[in-house]
2 protein chains.
Amino acid sequence: MVRVAVDAMGGDHAPDVVIDGVLEAVARFDVCVLLVGPEDVLKARLARRRYDASRVEIVHASETIQMDEAPAAAIRRKKDSSISVGIQCVKDRRADAFFSAGNTGAVVCGATLKLGLLETIERPGIAIVMPNRTGVSLIIDAGANINPKPVHLLQYAIMGSAYFEDILGKKHPTVGLLNVGEEEAKGTDFVRQTHQLIEQSPLNFIGNVEGKHIFSGQCDVIVADGFVGNVTLKVAESIAEILSYFLKDEMASNWRGRLAYLLGRPCFRRFNKKIDYSEYGGAPLLGVDGIVIIGHGRSSAKAVMNAIHFAKKEVDRNINQNILETVRKTLTRVS
Amino acid sequence: MVRVAVDAMGGDHAPDVVIDGVLEAVARFDVCVLLVGPEDVLKARLARRRYDASRVEIVHASETIQMDEAPAAAIRRKKDSSISVGIQCVKDRRADAFFSAGNTGAVVCGATLKLGLLETIERPGIAIVMPNRTGVSLIIDAGANINPKPVHLLQYAIMGSAYFEDILGKKHPTVGLLNVGEEEAKGTDFVRQTHQLIEQSPLNFIGNVEGKHIFSGQCDVIVADGFVGNVTLKVAESIAEILSYFLKDEMASNWRGRLAYLLGRPCFRRFNKKIDYSEYGGAPLLGVDGIVIIGHGRSSAKAVMNAIHFAKKEVDRNINQNILETVRKTLTRVS
């Protein structure tokens, strides 16, 4: 059975919401969870709950890294944090994967230091699944590496393709480079160099894509530097929120709108489900030698459950083996 | 009366939609328009229309710069393009402002070359007005300068503040720097240097802001490099579209949804109006020595009309004089 280490102390609503998600996951999927955090706190919380005790094990970690702590310093200083201990479980093969909705930078830093990187990969990247008109697209990197070199983006393209093929189930996915225009000459020197590099690879590269293509469904894997990817992700989330707010505001303003809202409620629910990040679980940290999934700080119990489900899927599919094979195939043909 | 030169050949639906917008504008506002484009084409179109002929003058320009042409080369080669001729009208003081929904890069390049820059401004920047929870915010730069230096972003912050105060009517607007996190240490070297620079100015700087703050209404003027600003803008537009699509799709799927849609139609209309870029007219190109407004390639007649209205407002308020004064005040206190 797949064993997932879960940072019980990560996220804005930890540990309660994390525990809710974990218990939901063990009830629904074929997984065991190592719940990482202060033993006394977790024991007290679990004592009040009904669940299959053979599937949830507490792993003690006395410290918690806060959301706003400087990542590298926190990882160095808090050796017994739930993030460090959880990653160590993967390192020691006590767990097959690690999930945290805590300090993203600390997870990236801890995973890179403890687990190391896959052969030939120089930087890990965060991949985010986004809904689009025809299905989903994957953006990589969403913020692990805000000062990348062009070759890192080639590596992201390779890893993103392998992930898309393997986990999202589409052979030979299209790859695009996020830029300010579609023409090859567009963008900064950095983006133009990256374009050349990916073009020489055997990946299914369709060239530059613009922000508007992320949601049109024309491109499966969208490669960006971590700064741009992170801003994009946060803008996307934020707009979805503000639009819902505007719409609700309009509908609440008179009886006709309120009636329409009541009547349309099932539609609004399905709509919300479609754009709800928690449906897509967490974001895989690709490139580290181990399976690590990062959750949104505001992760709900459902998001935690789905992230655990995705972790299981990645373990079952042996995603890192496939990434390594794709890296080897791709880079042999480039060189 | 304010005289606005309008590129009749700019935008995906030129010249018809541009002419519609122009005739609407002269009917509604106290403006004259110099309609710039091939005389025979424009004469033929206008002959079929009823309008106050004393308010619309055709200015002949034999060439058109296409949307996908390389900007600098096009400006060099097509001396008689509607963009070049229109900007020349401002240079020669035949017009008080210029509006184009054509090739953005060509407008930026042509305006910079022909009109020159305001004193101490080193690069022009495109400012975009976006709706948020409490009103609007201004993003600068949305793509005029994709390789800026930190000092250019300080200049954008100054120009954006002056514009917000003057045209959007809020004294001492807040200024934020778009970054991947709120802490001062976050981001690339470029962003950190920019942070220091703006912090030393007397602007109402609130520090780093994230993508999610653009729509929350916590910040009035959001400063970004042109690459990130451009991606942000296109992502924002694209998401608004895809969300409307998802929602319509859900509502069309059964009778209850369709009925809710019919009933809620006035709400949806007001909602669409709120998020419709055409309500906000075009985007001012700040920093050039003249008033230049850039429209979306897909500008509707309403967008053209609103852009002309905004141009008039900028002329009436003497925006460049105010920018110059803010620049002087701000930079004296920095140095």
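List of remarks:
- GluC sites (Glu not before Pro), loop per DSSP, at most 16 other Cβ atoms within 10 Å - longest free stretch of chain A: A:185-335
- Secondary structure note: in region A:125-277, about 30% of the DSSP beta bridges are antiparallel.
- Within 10 Å of each Cβ in B:212-218, the average number of Cβ atoms from other chains: 5
- Entries in A:K234/B:K312; A:K170/B:K248; B:K91/B:K149 that, when Cα-Cα distance is taken, lie over 30 Å: A:K234/B:K312
- Shown for chain A are the DSSP H helices of 20 Å or more along their axis, judged by Cα atoms, with a mean Kyte-Doolittle hydropathy of at least -1.0: A:150-167, A:226-251, A:255-275, A:301-317, A:319-334.
- Dividing the helix sum by the residues of the protein assembly as shown, where each DSSP H run of 4 or more adds -39500 (n - 2.57), gives a mean residue ellipticity at 222 nm of -15500 deg cm²/dmol.
- Loop-resident sites, region B:121-208, for trypsin sites (Lys or Arg not before Pro), counting at most 13 other Cβ within 10 Å (DSSP): B:K171
- Low-density loop cleavage sites - trypsin sites (Lys or Arg not before Pro) in region B:64-125, where at most 15 other Cβ are within 10 Å (DSSP): B:K79, B:R93, B:R94
- Where both bridge residues fall in chain A, DSSP classifies roughly 25% of the beta bridges as antiparallel.
- Considering only beta bridges that DSSP places wholly inside the protein assembly as shown, some 25 percent are antiparallel.
- Averaged over A:71-82, number of beta-carbon atoms from partner chains that fall within 10 Å: 0
- Between B:S62 and B:K329, the FRET efficiency estimated from the beta carbon spacing at R0 = 41 angstrom works out to 0.40.
- Cα gyration tensor category, rounded, prolate or oblate, for the protein assembly as shown with a/c compared to 1.5: prolate
- Rounded, prolate or oblate (a/c below 1.5 giving rounded, otherwise prolate when a/b exceeds b/c) for chain A by Cα gyration tensor: oblate
- Around the amide H of B:G295, modelled in the peptide plane, lie the amide H atoms of B:S100, B:A101, B:G102, B:A283, all under 5 Å away and 5 or more residues distant in sequence or on another chain.
- By the count of other C-beta atoms within 10 Å, a proxy for reagent exposure, B:D220, B:D289 are ordered fewest to most as B:D289, B:D220.
- Taking amide H as placed 1.01 Å from N in the peptide plane, the amide H of A:V59 sits under 5 Å from that of A:L35, A:V36, A:G37, each at least 5 places away or on another chain.
- Restricting region B:23-62 to trypsin sites (Lys or Arg not before Pro) in coil, as DSSP defines it, with at most 13 other Cβ within 10 Å: B:R48, B:R49, B:R50
- Coupling constants for region A:182-188 follow from the phi torsions by the Karplus curve (6.51 cos²θ - 1.76 cosθ + 1.60, θ = phi - 60°), and in residue order they are 7, 5, 4, 7, 6, x, 6 Hz; glycine and proline get x.
Readers should treat all values here as calculations from the given coordinates under stated rules, not as data from a laboratory. Predicted model only: the values in this text are computed from it and were never measured. Backbone-built Cβ (ideal geometry, glycine too); neighbour counts: all protein chains shown.
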